Structure formats: structure tokens, C-alpha cells
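Trainee: Take this structure first; my questions come after.
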Amino acid sequence: MNYIKYTVFILLFVILSCSPHGNGTKKSQLTKNGVEKEDYLKTIEELNKDFFKNYWEIEKIIVSKLEKEGSEYFIENNCYEILGKFESTLEVYCQICEKLNIDNKGGLLTSYLHLNDIENVKKQYELMQTDEIAFVYKEFYKYEDSGKLLESKYISIKFDKRVEEFANAVFTHINAIEEFIIQEWEGLLPPKTRVMLLYCDGPGPYNSNLNETYLPIKSRSISSSKKEAGGIVHEIFHLVNIQLLGQKCKFDIDWGMNSFKFLDEGYAQLIESKFMNTFNENREGVDEYSKKIVIANSFDFKELKTKWGELFSSSDVKIYYLAYSFACFLEDKYGEEKHKALFLPVANIPENSWLEYVESYFGLTVDDLIEEWKQKLIQ
Ligand SMILES: [Zn+2]
């Protein structure tokens with residue numbers, strides 16, 4: 001089956017330091033002398049409440065603070081993570097991570113990749129060898145930057161010089177992508193989504209700090225450029241969702257949130273197929289596949305909720321197909337609007353975990369929903 005062009009992997013960080021949920025907040029409430037938090041931190045905290053909207057303003061303030069006080073200031077106040085969110089401060093961010101020995105699951109590696117610092121990309125890859133997600137970055141150090149950038153209002157595309165023709169082909173879809181994302185997520189979009197097209201194969205991770213996604217396209221033919229355009233829509237959904245969730249929830253968002261990835265990847269594929277006008281044919285395929293898995297009775301569907309990360313790197317079962325099929329089931333049951341709004345929370349989420357939030361939102365446990373979905377498949 002070939003409905004879904006690649007497995008997309010997600011990479012998550014604590015969203016913002018110096019924010020209500022960032023890991024820097026408690027320490028930075030008071031400075032070392034015990035005096036009240038200074039104006040800079042207060043300003044950033046305030047602007048962070050709508051990070052995307054205030055993005056360029058925050059960048060200016062941060063660059064100026066960095067010039068005045070140097071990187072030590074950001075280390076002392078434990079709010080250096082924000083430096084990883086802007087091109088202008090990315091190099092300093094990498095230096096601080098090195099100095100503090102920060103291991104952030106590929107975030108440093110992709111930051112170096114963005115900077116075309118290939119030697120350090122390779123070094124980071126070697127350092128993360130024992131990590132279960134290392135394979136995702138296997139060929140990233142082979143990147144050869146073209147030195148060119150394709151840019152539209154919301155999206156910029158940087159690419160390996162060996163895929164220039166493909167990059168140009170993807171760029172012919174840029175107006176269609178922008179129209180679609182504005183219609184879906186106006187007011188919630190990152191000010192700039194960065195895309196890097198790589199000359200390798202494998203999953204496509206993203207760096208939510210940089211709003212950047214890495215799409216391996218070595219084995220794609222030019223005629224599949226529309227599929228990559230769909231991939232960009234898919235990734236932008238992740239970036240919008242993760243940003244909103246980071247603002248509205250009180251739980252940490254991390255690699256261990258299996259139940260999140262199960263639903264998030266399902267919806268990302270669903271919205272991608274709506275952009276591509278392939279919703280119906282994809283659905284038929286993934287429902288058929290899921291039905292076979294139900295009938296074979298050899299897979300515990302509850303593991304989608306509890307072991308997504310593990311299944312992603314080791315299972316023979318196509319978990320993205322299952323997630324897609326489950327997303328379609330949710331949309332049938334609750335309607336398009338209600339399903340969509342799960343991922344675009346407008347109010348603060350009072351629950352203590354993603355799973356609790358989902359279960360109170362739908363009024364059923366995810367286990368019950370999975371059971372109902374399985375029954376529907378074999379009806
Ligand atoms: Zn994805």
C-alpha cells in the first residue's frame with residue numbers, strides 16, 4: 001500500500017522557557033539577590049503568551065539583551081532555550097547547550113543542520129547512538145546545502161543541492177499550501193515555517209523550537225512533488241498543535257506522550273489528505289488494513305495509546321495507517337469541527353495529562369473508543 005508517503009516522526013520539547021509552563025519559570029521568579037523579577041523577563045513572559053504573533057518583536061528584544069549582557073545572563077536565569085527559536089541566536093544557543101551538556105533528542109543536531117555546521121551534526125549523531133531515535137538522523141550529516149532559499153509569506157524552503165529540481169517542483173504548490181493553511185489555521189500559524197529538503201531517505205522529524213521540518217526525499221520522483229506539499233501541510237499541523245498545547249496545558253509535552261502521538265499523527269494524516277483530495281481513497285485503504293489487523297487478532301490496539309514510540313521504531317504493524325483510520329472514526333463519531341477543536345484548544349486545559357484531557361473532551365475512555373472503532377471496522 002502506498003497511500004501515505006512516509007512515516008513522520010515527531011520531536012517534542014518543553015515549549016518555552018521563561019513562560020508559564022517552561023522549565024525556567026520557577027527559578028527565574030526571583031533573581032539570585034531575591035529581588036523581584038526584572039522587566040526583561042516579565043516582558044518576555046507576557047509576549048510568550050502569544051509567541052507566534054509576537055515572534056519578531058521577541059527576537060528583537062532577545063538579540064538586544066544578548067548584545068548587552070552576553071550568553072551568561074541566559075544561563076544564570078535558566079532561560080536560554082528561547083535562543084534556539086531564532087536564526088539570529090541559534091549559534092549562541094548551540095554553544096550554551098554544549099557548555100551545559102544538554103541532550104535534547106535531536107534538537108541540537110537539527111540546530112546545527114540549520115546552521116550548515118555539518119561537522120557538529122555528525123558529532124551529535126555519534127553522541128546519540130544509544131538513543132532509540134538515533135536512526136532517524138542517520139544520514140543528516142551528508143547534507144550539502146545549495147545556498148539557496150525558496151520563500152513565500154509563511155514558508156521558506158532550504159535544500160540540498162542534489163534535490164534542487166525537486167525543491168523547485170515542490171515550490172510550484174506553495175500558493176495552494178498557503179491558501180489551505182490560512183483557511184485551516186489563520187491566526188495560529190507560525191510566522192515562518194522552515195522546511196529542509198534532504199538528499200536521504202527515512203522518517204521526517206521536526207524541530208518545534210525552530211518551526212522547522214526535515215523532509216528526506218532522495219527516492220522521490222519529481223512527479224510526487226505534490227505529496228511533499230501534503231507533507232508540509234502535515235508538519236505545519238504538528239507545529240500549530242504543539243504550540244497551542246504548550247500554551248494551554250500544564251503537563252509537560254515530551255517523547256513519552258504515546259497517546260498524544262497516536263491521535264496527533266492520525267489527525268495530521270487526515271488533514272494532509274484533505275489538502276491532497278485523497279481523503280476517500282486513503283480512508284478506504286487504511287480501514288481495510290486496520291480491519292485485517294483486527295481480524296488477525298495478533299496486535300493489541302491499546303498499545304497504540306501506551307507504546308507508540310516503541311512501535312514506531314520496531315513494529316511491523318503500520319501504526320500510521322491505524323492512527324489514520326482511528327482519526328476517521330473520531331471524525332465520523334464527533335463531527336469534523338469537534339474533532340479539529342481537540343487539537344486547537346482556546347481555553348486553558350485543566351487536566352493533568354493529555355490522556356485525561358482527551359477522555360474528558362470526548363466523554364469516553366480511549367480504550368472504549370478503540371473498542372468501538374474495532375467493532376465498526378469489522379461490521
Ligand atoms: Zn507527523
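Trainee: Here is a check on your reading of the model: is Glu179 within 16 Å of the ligand (Cβ to nearest atom), open to solvent by 10 Å² or more (accessible area, probe 1.4 Å) and outside any strand (DSSP E or B)? Before the answer, list the steps.
Mentor: Working: within 16 Å of the ligand (Cβ to nearest atom): no; open to solvent by 10 Å² or more (accessible area, probe 1.4 Å): yes; outside any strand (DSSP E or B): yes.
Considered against the rule, which asks whether it is within 16 Å of the ligand (Cβ to nearest atom), open to solvent by 10 Å² or more (accessible area, probe 1.4 Å) and outside any strand (DSSP E or B), Glu179 comes out as no.
Trainee: Between Gln375, Gln269, which is without any contact (Cβ under 8 Å) to a residue 60 or more places away in the chain and either in the same structural domain as His238 (by TED's automatic domain parsing) or polar (S, T, N, Q) (or both)?
Mentor: Sole residue among the options that is without any contact (Cβ under 8 Å) to a residue 60 or more places away in the chain and either in the same structural domain as His238 (by TED's automatic domain parsing) or polar (S, T, N, Q) (or both): Gln375.
Trainee: Just need a number here: residues in the stretch 259-283 that are outside any helix (DSSP H, G or I) and in contact with a helix residue (DSSP H, G or I) (Cβ under 6 Å, 6 or more places away or on another chain).
Mentor: Summing the residues that are outside any helix (DSSP H, G or I) and in contact with a helix residue (DSSP H, G or I) (Cβ under 6 Å, 6 or more places away or on another chain) in the stretch 259-283 gives 0.
Trainee: Take Thr172 and tell me if it is in contact (Cβ under 8 Å) with a residue 12 or more places away in the chain, in contact with a strand residue (DSSP E or B) (Cβ under 8 Å, 6 or more places away or on another chain) and over 13 Å from Lys153 (Cα atoms).
Mentor: So Thr172 fails the test.
Trainee: Please go through the stretch 182-193 and pick out each residue that is among the charged types (D, E, K, R) and in a helix (DSSP H, G or I). Full working, then the answer.
Mentor: Keep residues of the stretch 182-193 that are among the charged types (D, E, K, R), which gives 184, 186, 192.
Listed by number, the list holds a single entry, Glu184.
Trainee: Quick one: which of Gly202, Gly246, Gly230 is crowded, with 18+ Cβ neighbours inside 10 Å, out of contact with any Leu (no Cβ under 6 Å at 6 or more places or on another chain), at positive phi and in contact (Cβ under 8 Å) with a residue 40 or more places away in the chain?
Mentor: Step by step, each of Gly202, Gly246, Gly230 is checked, and only Gly202 is crowded, with 18+ Cβ neighbours inside 10 Å, out of contact with any Leu (no Cβ under 6 Å at 6 or more places or on another chain), at positive phi and in contact (Cβ under 8 Å) with a residue 40 or more places away in the chain.
Trainee: Only one of Ser259, Ser219 is open to solvent by 10 Å² or more (accessible area, probe 1.4 Å), of a type in the set (Gly, Ala, Ser) and farther than 24 Å from His339 by Cα. Can you tell me which?
Mentor: The conditions single out Ser219.
Trainee: Output the number of the condition that Leu330 fails; it satisfies all remaining conditions of (1) closer than 15 Å to Asn258 by Cα; (2) touching a His at 6+ places or on another chain (Cβ under 9 Å); (3) of a type outside the set (D, E, K, R).
Mentor: In the conditions (1) closer than 15 Å to Asn258 by Cα; (2) touching a His at 6+ places or on another chain (Cβ under 9 Å); (3) of a type outside the set (D, E, K, R), Leu330 misses (1) alone.
Trainee: For the stretch 62-162, which helices (runs of 4 or more DSSP H) that fit wholly inside it have 1 or more residues that are open to solvent by 70 Å² or more (accessible area, probe 1.4 Å) and in contact (Cβ under 8 Å) with a residue 12 or more places away in the chain?
Mentor: Details: elements: 71-76, 90-100, 107-114, 118-127.
It comes to 71-76, 90-100, 118-127.
Trainee: If you check Phe251, Phe237, Phe279, Phe275, which single one turns out to be under 21 Å from Ile155 (Cα atoms) and either more than 16 Å from the ligand (Cβ to nearest atom) or within 12 Å of the chain's Cα centre (by Cα) (or both)? Don't jump to the end; show me each part of the working.
Mentor: Numbers: Phe251 fails: under 21 Å from Ile155 (Cα atoms); Phe279 fails: under 21 Å from Ile155 (Cα atoms); Phe275 fails: either more than 16 Å from the ligand (Cβ to nearest atom) or within 12 Å of the chain's Cα centre (by Cα) (or both).
It is Phe237.
Trainee: Same structure again: Among Val294, Val317, Val286, which is more than 14 Å from the ligand (Cβ to nearest atom) and open to solvent by less than 10 Å² (accessible area, probe 1.4 Å)?
Mentor: Val286 is the lone residue from the list that is more than 14 Å from the ligand (Cβ to nearest atom) and open to solvent by less than 10 Å² (accessible area, probe 1.4 Å).
Trainee: Being open to solvent by less than 60 Å² (accessible area, probe 1.4 Å), within 19 Å of the chain's Cα centre (by Cα) and either at pLDDT 95 or above or of a type in the set (D, E, K, R) (or both) is the filter here, so list the residues in the stretch 297-314 that pass it.
Mentor: Across the stretch 297-314, the qualifying residues are Leu304, Lys305.
The values are calculated or read from the model by the stated rules, or taken from the named source; none is laboratory data. Everything numeric here is computed off the predicted structure, so don't read it as measured data. Ideal geometry is used to build each Cβ from the backbone, glycine not excepted, and the neighbour counts take in all protein chains shown. Protein only, heavy atoms only, side chains kept; ligands, DNA and RNA dropped before computing areas. Shrake-Rupley method; radii C 1.70, N 1.55, O 1.52, S 1.80 Å.
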